[in-house]
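Written out below as structure tokens is the structure these notes cover.
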Amino acid sequence: MLNSISGTGSQVHFGDKAYKKLNQLLETKNYSKVFLLVDENTHAQCLPTFLGKLENAYDIEIIEIQSGEEYKQIETCSQVWQAISDLGGDRKSLLINLGGGVVTDLGGFVGATYMRGIDFLNIPTTLLAMVDASVGGKTGVDLGVLKNQVGVIINPVMVLVDTEYLSTLPQNHLRSGLAEMLKHGLIYDEAYWKQLQNMDQLTPEDLDTLIHRSVVIKNEVVTKDPRENNLRKILNYGHTLGHAIESYFLQSEDKTTLLHGEAIAIGMIMETYLSAQLTKFPEGKLDAIKATFLHYFNKVEINTDDMETIIGLMKFDKKNAHGNINFVLLEDISKPVLDIQASKDLIIKSLEYYKN
């Protein structure tokens, strides 16, 4: 059995132990109302499993939102706030967020702000949400196509990680989560990176252990810097370009929307190229990293003309300061460096490296 992980204000529990902790919480806290936020997919595929884990019959109100990044907006929050209010929610209510990153990010923001804050807990059902959104207390919504521009940092009362839910995912969503796991290896643990390079040979039990390792890595970083003043910025490796690419594909009518991990994989290849040019990252490892990502992720068509808009979107990155676009780059695997700036010409060259 995997050990629970103590975070900065909440705990992450795994497998059957997680449901024991949840049932204890429901018994001892005696919440006035329990609300469960789902999207149409987790309503159909995950809710029956979750309800079957409860030891007692609780009067749970189900609130459903539409799935997809395009619905991670303040308008959706307004609908959920109104539903909670209409259903009699008060400050002694509990909100359970059962879903991927959109549900846990948005649901966390709703819980943090309804009546100035009610208890909420997250049950991530995607690999991406388990290894990324499960730890750190970041909640929020997008501002148009700009990622996570509105939100607060506040911890859920607990997080439950149950890999049984992963059986409901299509392969592209599993790969999306793998991108964040690969990132954890690159910024923090080279041995973990090497394990992930051979994912094709691993068993489901191995996956449980790797997910646990990713959560441990993120928790160690967040515990040292909960407000993202310094060290926590390393978790944004690949995201300066990746988020801009994701936003561009979200707003472009002639582009197929990318999953978060698909965009971040591109960002990590390009930002590793920048690392080789600006922070002396080893050239041999650069090519190996590119090969690893392209083994798991199909190459995406991005033109030089697209980069004009993508670079423009990068100015909204939350690491920026005083008008400068700041990258997290690598001196080597597990040796990140903060606040590095790159010229437009070099960013264009990073795209050429990705394409060729």
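Data overview
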{"item": "Folded to 0 to 90 degrees: helix 304-313 orientation relative to the chain principal axis, Cα", "result": "50"}
{"item": "Approximate spin-label separation Gln171-Asp90, in nm, with each point projected 7 Å along Cα-to-Cβ", "result": "5.3"}
{"item": "Cα pair distances exceeding 18 angstrom across region 39-125, given as percent", "result": "41"}
{"item": "Charge dipole magnitude, Cβ of K and R +1, D and E -1 - the chain, Cα centre, debye nearest 20", "result": "1040"}
{"item": "For q = 0.15, 0.22, 0.23 Å⁻¹, Debye-computed log10 I/I(0) when each Cα of region 93-198 counts as one equal scatterer", "result": "-0.66, -1.15, -1.20"}
{"item": "Label of the coordinate-derived value, Cα extents along the principal axes in Å, listed as (1) 62, 59, 38; (2) 59, 40, 35; (3) 85, 53, 33", "result": "(2)"}
{"item": "Listed residues Leu51, Leu235, Leu329, most fluctuating in the chain (Gaussian network, C-alpha, under 10 Å)", "result": "Leu51"}
{"item": "Peptides 15-23, 206-214, 34-42 ordered by average Cβ neighbours within 10 Å, highest first", "result": "34-42, 206-214, 15-23"}
{"item": "Structure-based [θ]222 nm, the chain - -39500 (n - 2.57) summed over DSSP H runs of at least 4, per residue, nearest 500", "result": "-15000 deg cm²/dmol"}
{"item": "Violating pairs (Cα-Cα greater than 28 angstrom) within the set Lys147/Lys183; Lys224/Lys255; Lys53/Lys224; Lys285/Lys349; Lys194/Lys355; Lys29/Lys224", "result": "Lys224/Lys255; Lys53/Lys224; Lys29/Lys224"}
{"item": "Per-selection Rg to Rh, region 1-82 - Cα, Kirkwood hydrodynamic radius", "result": "1.00"}
{"item": "Full-extension gain in nm, Gln341 to Ala44, via 0.36 nm per residue minus C-alpha separation", "result": "102.4 nm"}
{"item": "Contour minus Cα-Cα distance for Leu25 and Ile60 (0.36 nm per residue)", "result": "11.1 nm"}
{"item": "Simple spin-label estimate for Gln73 and Met1 in nanometres, 7 Å along Cα-Cβ", "result": "4.5"}
{"item": "The chain: most fluctuating residue of His322, His43, His173 per GNM, C-alpha cutoff 10 Å", "result": "His322"}
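Quick note: the coordinates plus some simple rules give every number you see, no bench work behind them. Just so we're clear, the structure is a prediction, and the values are computed from it rather than from any experiment. Heads up, the Cβs are rebuilt from the backbone with ideal geometry, glycines too, and the neighbour counts pull from every protein chain shown.
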